[in-house]
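The values are calculated or read from the model by the stated rules, or taken from the named source; none is laboratory data. Predicted, not measured: the structure shown is a model, and the values here were computed from it. Heads up, the Cβs are rebuilt from the backbone with ideal geometry, glycines too, and the neighbour counts pull from every protein chain shown.
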Amino acid sequence: MRKIEIKLLGKNNYLRWTLEQWFYEIKDIVEKEYNILLELKVIDTEDAEPMLAIDDAVFLEGLPGEEGYLIEVLKKVLDSVLVSN
């Protein structure tokens, strides 16, 4: 099973904490659909808005309005990453 590392970058604040919690709420859904393992690596930066990235490619900046939007953004980037590799 393939492992994909997602980086969560930003200041240790409420926005980053919320995005981290949402990630863990949707993680199982996405892993089952794509037959992959997702690993979240939290990295402290000076950026006020949290960001999600794979490798060095940021695919989400800020906190989405809801967890459902996070699922859609993550699925879109995984479609691209899994096809190219």
* Asked: Is it the case that segment 16-23 has a residue that's at pLDDT below 95 and of a type in the set (D, E, K, R)?
  -> no
* To do: Could you list, in sequence order, all residues of segment 55-73 that are out of contact with any helix residue (DSSP H, G or I) (no Cβ under 6 Å at 6 or more places or on another chain), farther than 15 Å from LEU15 by Cα and not β-branched (Val, Ile, Thr)?
  => ASP55, ASP56, ALA57, GLY68, TYR69, GLU72
* Of all the residues that make up segment 73-85, how many are under 17 Å from GLU25 (Cα atoms) and over 11 Å from the mean Cα position of the chain (by Cα)? -> 0
* Which of the residues spanning segment 1-35 are under 13 Å from THR45 (Cβ atoms), under 13 Å from the mean Cα position of the chain (by Cα) and in contact (Cβ under 8 Å) with a residue 40 or more places away in the chain? -> LYS7, LEU8, LEU9, GLY10
